[in-house]
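Engineer: Can you keep this structure in mind? I'll have questions shortly.
The values are calculated or read from the model by the stated rules, or taken from the named source; none is laboratory data. Predicted model only: the values in this text are computed from it and were never measured. Note: ideal-geometry Cβ built from the backbone for every residue, glycine included; neighbour counts use all protein chains shown. Accessible surface is based on the protein model in full, side chains and every heavy atom, while ligands, DNA and RNA are left aside. Shrake-Rupley method; radii C 1.70, N 1.55, O 1.52, S 1.80 Å.
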Amino acid sequence: MKVPFSWLRELCDPALSPEDLADRLAMTGTEVERVTRAGPPSPEGFVVGRVTAAERHPDADRLQVCTVDTGDGERTIVCGAPNVAAGQTVGVALPGARMPDGEKLRRAKLRGVESNGMILSETEVGVGEDGDGIMVLDEGPAPAPGTALSEVIAVADPVLELEVTPNRVDCFGVHGVAREVHAITAAPLAAEPWAEDAEAGGEGQAGELASVTVEVPELCSRFTARVFTEVEVAPSPPWLKARLTAAGQRPINNVVDITNYVMLLTAQPLHAFDLDRVEGAALSIRTAAEGETMRTLDGVERVFDSWTVLVCDQQGPSGIAGIMGGQRTEVSGSTTRVLLEVANWNGTNILRSSRMLGLRSEASTRFEKQLHPELCIRAQRVASRLMVELCGARLVPGTIDVAAELPPPRMIPLRAERVSGLLGMEIAAEDQAAYLERLGFEVEVVASGLQVAVPADRYFDVTRETDLIEEVARVHGLDRHLPTTLPESAGRVGALTREQRLRRRAEDAVRDLGFDECVGWSFTDPREASRLRLGAEDPRARPIALANPLSEEQSVMRTTLLGSLLDAARGNLARGAGGLALFESGRVHLPQSGDGGGEGALAGSFPGARPAPYSEPHRLACLLVGPLDPPSWRGGVEGADFYVLKGVLEALAGGLGVEVSVEPSEEPFLHPGRCGRIRLGEGGEAGWIGEVHPLVCRSWDLESAVAFEVGLSELIEASPSGEEVHEDATTFPAVIQDIAAVVAEQTPAAEVIGAVRAGGGELLRSVRVFDLYRGEQLGEDRKSLALRLEFGAADRTLTDEEVAGLRGGIEAELGKIGGSLRE
């Protein structure tokens, strides 16, 4: 919302600079994005002049040599405008004035004649778009030559650009902003512009010249119309053009400009029909037939659905209710009779229709926030006066007013103890009443405090006692008067939770291993499940659908991180990247089975809460696409395969003090026989790891890839501690022994390591597999794993006898899994 400062000061002058007022408004809840300036950078050097003579230039047919009185004597100005003539009152820029483009005006010789200034057109002052002729100031009493032009029209006018919150629809009108300024500064507020109506001087009655029928009163709570005859359509006077231009509106003609001006003043949109083009002089308000069409004022043929409300005559649609009028009944230069509509529409319906049509207007922006029906007559009264004054129109007696049941008055009690209890400070009752009255509320003092009547322009904003307290507090000045206190826990220093610390440690560990972090969309393509070859019975194939998606390709919530990593890999490879090492840490969104709950459940956990329908577990996933280029991957690995990624997984888990193992398993998006399920210690499953299935790779235009996805919450829960544990480095050497364990072919290496650790006890520091052997002497379906054992103690050097004594325990544990030590 652009508010010209001169217009605002006319309604309420706070005696503050635009910048100071912007700061004051921002601190009381009305955000000012910026303060700009309409027209030239400065009003200095722009004055009123009177053309006393205009003669043809001796050496140029299209130029005239004018003598202009500018208050300090007469000066010669060469002018090329075709409409300049003696006797006109005009705007003049004197040498030294800064033009809108920032250039300083200088004296110049034009075809041998010195020009000492410039007679201004509308574009040269920034008050309109007419640059072909000069701007004539003959409307009303002529100001004296030499008068500052800024006293006649807004020149170099500061403009406050407001970011109006949706609930404050009153601030979409300049008068509403002026009332806000009046409330926060106590500067006098001018009389309400709608206090006085125009005199009716036309013949007959409005109801005899036009009729209105409302078929959908639930969508049009009020429709008012007035009739004007003997209308003279012409350009608007400069002052009106200047205000509209500064407020961001393009001047068109006096009738249309009046409707825009009144809308900007009152926040209530209006629309003018050429009554002679309204078929049958009868308007009906109805919903559209499915597929019905109309050409709007912007020249576009619009197609409607059955929810769109139309203003129609006997020939068909002539306007989209609350959004835009139609070309067929628009006001033109030949218009002599005008039907002025001011109506009230259902805000939700206007918002829906606007979105459906992809058409937003100044009117729809206001209507969609819901206006009160009472505002209609206010706008009619202001517009009627301007129609009579600026268009020479005659107002036909009577107002067509079709209204449904109007909203009842809203009375809200304001208790003194509630004000002090909520704000933590005392505000005198008389101050509370004064603040509210300055905002337009009617206040009555009662025993418990105040009884407050909400005005029409705040009806849908202030609905309860806390809203009134907010109004009192912000006008009183939260920044200046609210006491400063520290919370009880102010002495405590904030810190990360254990989960946050371990999550960061995990992410840092993967990053230190050379992986680049991705941040993918939580929204994904509903076809992703089929591309990942997920079966219909798989919960991950039933993603959560969004009610209002950005696009079809982002219309469901992701159920795995693999899809977004594959998307990132494809995008990077398509732009010439080599091998990739990518990871992402984020949430997935899954249907919740059983009784609900679970990590990240969406429903509440308070007593009586219904089960959560979905869960949002936090996952960490890594993807390698090879061959890798060592300079771009700090791990220096030249190829990406299952074992490389398994090492990354073990390093990640080891940094959290968690042992991981991989068991053979299958996932539909992984290569059969080259994948497995991730287990944490002796706990349950926590994720998957493997080579991505060739068909999935082909779907993402990749040759090959390996990936894993693990539950980060499960990793953190399995971690023994969130604190760093210090262990003294020992000076006593370790004892290294190599053994060979013979086990069944199907026994995982992780199970063998677990048995050796159990048998080795506390003195066994580490176990590592370094060789695998198969041969006839081992027997059918048997294999031999060579393991390197490291024994050590913090307080002594172990003897060979101590280490040999542990061999029996290791052999016993291997026997439990069907294994033995190979001699």
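Engineer: Do we have any residue at all in segment 364-381 that's over 33 Å from the mean Cα position of the chain (by Cα) and either more than 16 Å from Pro269 (Cα to Cα) or among the aliphatic types (A, V, I, L, M) (or both)?
Structural biologist: So far as segment 364-381 goes, yes, one or more of its residues are over 33 Å from the mean Cα position of the chain (by Cα) and either more than 16 Å from Pro269 (Cα to Cα) or among the aliphatic types (A, V, I, L, M) (or both).
Engineer: Considering segment 797-823 alone, what residues qualify as being in contact with a Phe, Trp or Tyr (Cβ under 7 Å, 6 or more places away or on another chain), β-branched (Val, Ile, Thr) and surrounded by 16 or more Cβ atoms within 10 Å (Cβ to Cβ)?
Structural biologist: Scanning segment 797-823 gives a single hit, Val803.
Engineer: Quick test for you: out of Val510, Val475, pick the one residue that is over 27 Å from Leu715 (Cβ atoms) and either assigned to a helix (DSSP H, G or I) or at pLDDT below 90 (or both).
Structural biologist: Every option except Val475 fails the conditions.
Engineer: Condition check: farther than 27 Å from Cys675 by Cα, modelled with pLDDT of 85 or more and surrounded by 15 or more Cβ atoms within 10 Å (Cβ to Cβ). Does Leu789 satisfy that?
Structural biologist: Answer is yes for this residue.
Engineer: With the checklist (1) hydrophobic (A, V, I, L, M, F, W, C); (2) out of contact with any strand residue (DSSP E or B) (no Cβ under 8 Å at 6 or more places or on another chain); (3) more than 30 Å from Val164 (Cβ to Cβ) in hand, flag the one item Met27 doesn't pass.
Structural biologist: (3)
Engineer: Could you check segment 97-132 and list, in sequence order, the residues that are without any contact (Cβ under 8 Å) to a residue 60 or more places away in the chain and farther than 16 Å from Val68 by Cβ?
Structural biologist: Passing the criteria: Arg98, Met99, Asp101, Glu103, Lys104, Arg106, Lys109, Arg111, Gly112, Thr123, Gly131, Asp132.
Engineer: When you check Arg679 against the structure, is it basic (Lys, Arg), closer than 19 Å to Ala750 by Cα and at pLDDT below 90, yes or no?
Structural biologist: Yes: the conditions hold for Arg679.
Engineer: Which one is farthest from Ala154 (Cα to Cα), of the residues in segment 191-228 that are part of a loop (DSSP other than H, G, I, E, B) and among the hydrophobic types (A, V, I, L, M, F, W, C)?
Structural biologist: Across segment 191-228, the extreme among qualifying residues is Val216.
Engineer: Checking Gly681 against (1) closer than 23 Å to Leu580 by Cβ; (2) touching an Asp or Glu at 6+ places or on another chain (Cβ under 6 Å); (3) surrounded by fewer than 16 Cβ atoms within 10 Å (Cβ to Cβ), which single condition isn't satisfied?
Structural biologist: Every condition holds for Gly681 apart from (1).
Engineer: Please work out which residue is farthest from Val658 (Cα to Cα), limiting yourself to segment 484-498 and to residues that are modelled with pLDDT under 80 and part of a helix (DSSP H, G or I).
Structural biologist: If we take residues in segment 484-498 being modelled with pLDDT under 80 and part of a helix (DSSP H, G or I), then Glu488 is farthest from Val658 (Cα to Cα).
Engineer: So, one more: When segment 250-271 is examined, which residues are found to be crowded, with 23+ Cβ neighbours inside 10 Å, of a type outside the set (Val, Ile, Thr) and more than 32 Å from the chain's Cα centre (by Cα)?
Structural biologist: Across segment 250-271, the qualifying residue is only Asn254.
Engineer: So, one more: Residues that are closer than 20 Å to Arg458 by Cβ and modelled with pLDDT under 95: does segment 383-406 have at least one?
Structural biologist: yes
Engineer: A further question follows. Checking the structure you have, find out if any residue of segment 735-745 is in contact with a Pro (Cβ under 8 Å, 6 or more places away or on another chain) and either of a type outside the set (Asp, Glu) or closer than 24 Å to Glu659 by Cβ (or both).
Structural biologist: no
Engineer: From (1) at pLDDT below 90; (2) touching an Asp or Glu at 6+ places or on another chain (Cβ under 7 Å), pick out the condition that doesn't hold for Ala612.
Structural biologist: Against the list (1) at pLDDT below 90; (2) touching an Asp or Glu at 6+ places or on another chain (Cβ under 7 Å), Ala612 comes up short only on (2).
Engineer: With respect to Leu189, determine if the residue is within 36 Å of the chain's Cα centre (by Cα), of a type in the set (A, V, I, L, M) and under 26 Å from Glu279 (Cβ atoms).
Structural biologist: Considered against the rule, which asks whether it is within 36 Å of the chain's Cα centre (by Cα), of a type in the set (A, V, I, L, M) and under 26 Å from Glu279 (Cβ atoms), Leu189 comes out as no.
Engineer: Do any strands (runs of 3 or more DSSP E) entirely within segment 34-92 hold 1 or more residues that are touching a Pro at 6+ places or on another chain (Cβ under 7 Å) and surrounded by 22 or more Cβ atoms within 10 Å (Cβ to Cβ), and if so, which?
Structural biologist: 46-57
Engineer: Another question, if that's okay. Would you call Glu709 crowded, with 20+ Cβ neighbours inside 10 Å, among the charged types (D, E, K, R) and either over 39 Å from the mean Cα position of the chain (by Cα) or modelled with pLDDT of 85 or more (or both)?
Structural biologist: Criteria met by Glu709.
Engineer: On to the next question. If you check every pair at least six apart or on different chains, which have Cβ atoms under 6 Å apart with a residue in segment 143-169 that is closer than 21 Å to Pro100 by Cβ first and a residue that is of a type in the set (Gly, Ala, Ser) and surrounded by fewer than 18 Cβ atoms within 10 Å (Cβ to Cβ) second?
Structural biologist: From segment 143-169, the pairs are Ala156/Ser42.
Listed here are the residues, each with its yes/no results for (1) assigned to a strand (DSSP E or B); (2) free of Cβ contacts under 8 Å to residues at least 24 places away in the same chain; (3) open to solvent by 60 Å² or more (accessible area, probe 1.4 Å).
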| residue | (1), (2), (3) |
| --- | --- |
| Ala750 | no, no, no |
| Gly759 | no, no, no |
| Val767 | yes, yes, no |
| Gln777 | no, yes, yes |
| Ser784 | yes, no, no |
| Asp795 | no, no, yes |
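Engineer: Let me ask something else about it. Determine which member of the set Glu279, Glu218 is open to solvent by 20 Å² or more (accessible area, probe 1.4 Å) and under 39 Å from the mean Cα position of the chain (by Cα).
Structural biologist: Glu218
Engineer: Residue check, Leu695 against (1) of a type in the set (A, V, I, L, M); (2) part of a helix (DSSP H, G or I); (3) modelled with pLDDT of 90 or more; (4) surrounded by 17 or more Cβ atoms within 10 Å (Cβ to Cβ), all met but one. Which one?
Structural biologist: For Leu695, the exception is condition (4).
Engineer: Go through segment 122-153 residue by residue and tally those that are open to solvent by less than 30 Å² (accessible area, probe 1.4 Å) and either part of a helix (DSSP H, G or I) or small (Gly, Ala, Ser) (or both).
Structural biologist: Result for segment 122-153: 6.
Engineer: Let me ask something else. Residues of segment 314-345 being crowded, with 21+ Cβ neighbours inside 10 Å, over 20 Å from Asn260 (Cα atoms) and polar (S, T, N, Q), which ones?
Structural biologist: Passing the criteria: none in range.
Engineer: Need pairs with beta-carbon distance below 8 Å; first residue closer than 16 Å to Thr747 by Cα and within segment 805-823, second open to solvent by 60 Å² or more (accessible area, probe 1.4 Å) and among the charged types (D, E, K, R); sequence gap 6+ or separate chains.
Structural biologist: Ile817/Glu751; Ser820/Glu811; Leu821/Arg807; Leu821/Glu811
Engineer: Let me ask another. Which one of these does Arg501 not meet: (1) at pLDDT 90 or above; (2) open to solvent by 20 Å² or more (accessible area, probe 1.4 Å); (3) basic (Lys, Arg)?
Structural biologist: For Arg501, the exception is condition (1).
Engineer: If Val231 satisfies every condition in (1) in a loop (DSSP other than H, G, I, E, B); (2) open to solvent by 50 Å² or more (accessible area, probe 1.4 Å) but one, which is the exception?
Structural biologist: Among (1) in a loop (DSSP other than H, G, I, E, B); (2) open to solvent by 50 Å² or more (accessible area, probe 1.4 Å), Val231 violates only (2).
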